[in-house]
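The values are calculated or read from the model by the stated rules, or taken from the named source; none is laboratory data. All values derive from a computational prediction rather than experimental measurement. Positions of Cβ are backbone-derived with ideal geometry, glycine not excepted, and every protein chain shown enters the neighbour counts. Areas reflect the complete protein model, heavy atoms only, side chains present, ligands, DNA and RNA absent. Shrake-Rupley method; radii C 1.70, N 1.55, O 1.52, S 1.80 Å.
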Amino acid sequence: MNGRILIVDDEEIVLRSCLRILRGDEYEIDTASDGLSALNLVNEKDYDVLILDIKMPKMDGIEVLRRVKEVHPDMDVIMITGLHDISTAVQAMKLGALDYLPKPFEPDQLKMLVEKAFGRKALREGSVNLESETDSSYRFENIIGSSPPMQNMFRMIARCAPTNSTVMIRGESGTGKELIARAIHYNSLRKDKPFVPVDCTSLSENLLESELFGHVKGSFTGALSNKKGLFESADGGTLFLDEIGNISLTTQAKLLRFIEEREFKAVGDTRTQTVDIRLLTATNKDLEGMVADEDFREDLYYRINIFPIEIPPLRERREDIPALATHFLNRFSEDMNHKASEFSPGAMNLLMNHDWPGNVRELENVIQRAVILAGGDIIRQGHLVNIIDMLPRVDLDVPQSAEELKQVKKATRQKSVENVEKNFVLGALKRNHWNVTKAAEETGMQRSNFQALMAKYDIRIRGPESS
């Protein structure tokens, strides 16, 4: 890959380190030791990527970034920051920086961000053909995460995506397993064909089998016409079975036959059909334990566990939280036409120190609610109502106006109602051994309404349902 890079840092050791890391990749690289020198070089040459320290003499990195973006809006800028300057790095991203690297950083972290920058350049110049904006959303460069665990995962995706191998994606609830599955698909040779996701948790055994394989008219009560299954819909493309640990042993047997023979029968049909699909699966369960307990077929386990990819939980990649939080803040502020644009130091500290049991999905929900509650430009601790009551003690930002006081009081009342709802659902499920149908019946709710409450609070059943 050819390209021109400018590295700017007032520490000679950092410049030498960056040069050593990048020099073998056929880049043309210049260096500067202060902001003014960097601006002069930028005006003289056309650079593709700018690697820029935040704290420098004569002119700091934020001011250099601001001036560069005014003249060269397409130039990707990677900020280098000390561990205590994370909030400044987040400010830099709002000004247009691609990402930031906290010192000290690993060589692979720098290489990954530079590759990401040149990937964006290729997209801008049209040298990478994408069928739609939907496809581009799942390119590697658009998935947020510069931490070492995420970089390791990106390398695994890059290795398996161009193949037809069956991939198992493992990770806790809310880590983004479907996002990774889509990234594999849209970076594969099948990217122009369908990507068909299936949530194995949301369907009963009979419905799941019908959805997967299709059915013929009259094969069961309610089968009023022939229906094409998702296997057939995914022909030529990718079928993604999310939460595969929840499917019954009967359906597991039919899935195993398909994997081995690449053929299947619709429910109630005697004819055999063949399709060409790539199979991706995901789970947050202990499949090995389920195999030992004979709740999951051992032969199927080995068939789908050919290339496992582990998604790290958010608590193990905390350095990605500011970038993720800022991304969600910008997105929701734009969607809702709100003016919230930054986090108070106390709010960011709260985000950084929360354990995030719901992972990225929980962070997304927290930021969305905070944007709704915030009346001004700043997201404060009081707006992060989802996580405040999880802490034994927190020194909240004091409301600075009557309007902010009103918002915090409203948020507190709302959180109390949500706690009651969540405990209501959990209590019903526990009393009925996590059987959704029986829990709904006991509470006098329709199953669909009960499931809606489960989805609202990201409550998943803990074992195969008997209903």
- Message: Among the residues of the range 265-274, are any in contact with a Phe, Trp or Tyr (Cβ under 8 Å, 6 or more places away or on another chain), over 23 Å from Leu189 (Cα atoms), hydroxyl-bearing (Ser, Thr, Tyr) and part of a loop (DSSP other than H, G, I, E, B)?
- Response: yes
- Out of all the residues in the range 14-40, which are of a type in the set (A, V, I, L, M, F, W, C) and either on the phi > 0 side of the Ramachandran plot or touching a helix residue (DSSP H, G or I) at 6+ places or on another chain (Cβ under 7 Å) (or both)? Cys18, Ile21, Leu22, Ile29, Ala32, Ala38, Leu39
- Query: Of all the helices (runs of 4 or more DSSP H) wholly in the range 1-114, which have at least 2 residues that are modelled with pLDDT of 85 or more and within 27 Å of Asn152 (Cβ to Cβ)?
  - Reply: 12-22
- Index of the failed condition, Ser127 passing every other in (1) buried (at least 21 other Cβ atoms within 10 Å of the Cβ); (2) of a type in the set (Ser, Thr, Tyr); (3) modelled with pLDDT under 80: (1)
- Item | Hits in the range 1-45 - residues which are open to solvent by less than 50 Å² (accessible area, probe 1.4 Å), closer than 14 Å to Val114 by Cα and among the hydrophobic types (A, V, I, L, M, F, W, C) | Ile5, Leu6, Ile7, Cys18, Leu19, Ile21, Leu22, Ile29
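Scan the range 241-279 for residues that are hydroxyl-bearing (Ser, Thr, Tyr) and either over 20 Å from Cys200 (Cα atoms) or modelled with pLDDT of 90 or more (or both) and report the count.
The qualifying residues number 3.
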- Query: In this structure, does Asp48 turn out to be more than 24 Å from Arg120 (Cα to Cα) and either out of contact with any strand residue (DSSP E or B) (no Cβ under 6 Å at 6 or more places or on another chain) or in contact (Cβ under 8 Å) with a residue 60 or more places away in the chain (or both)?
  - Reply: no
- Identify, from the list Ile180, Ile169, the residue that is in a helix (DSSP H, G or I), on the phi < 0 side of the Ramachandran plot and open to solvent by less than 10 Å² (accessible area, probe 1.4 Å). Ile180
- Task: Please indicate, with yes or no, whether at least one residue in the range 427-442 is assigned to a helix (DSSP H, G or I), acidic (Asp, Glu) and at pLDDT 85 or above.
- Result: yes
- Task: Being within 23 Å of Val275 (Cβ to Cβ), open to solvent by 10 Å² or more (accessible area, probe 1.4 Å) and assigned to a loop (DSSP other than H, G, I, E, B) is the filter here, so list the residues in the range 189-201 that pass it.
- Result: Leu189, Arg190, Lys191, Asp192, Lys193, Pro194
- Name the single residue, out of those in the range 315-350 being open to solvent by 70 Å² or more (accessible area, probe 1.4 Å) and of a type in the set (S, T, N, Q), that is modelled with the lowest pLDDT. Asn337
- Query: How about the range 41-75: which of its residues are among the charged types (D, E, K, R) and in contact with a helix residue (DSSP H, G or I) (Cβ under 8 Å, 6 or more places away or on another chain)?
  - Reply: Asp48, Asp53, Lys55, Lys58, Asp60, Glu63, Arg67, Asp74
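Going by the structure shown, is Phe154 touching a Phe, Trp or Tyr at 6+ places or on another chain (Cβ under 8 Å), in a helix (DSSP H, G or I) and touching a residue at least 12 places away in the same chain (Cβ under 8 Å)? Spell out the reasoning first.
Details: touching a Phe, Trp or Tyr at 6+ places or on another chain (Cβ under 8 Å): yes; in a helix (DSSP H, G or I): yes; touching a residue at least 12 places away in the same chain (Cβ under 8 Å): yes.
Criteria met by Phe154.
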- Task: Give the number of residues within the range 133-160 that are more than 15 Å from Asp108 (Cβ to Cβ) and either at pLDDT 90 or above or not small (Gly, Ala, Ser) (or both).
- Result: 10
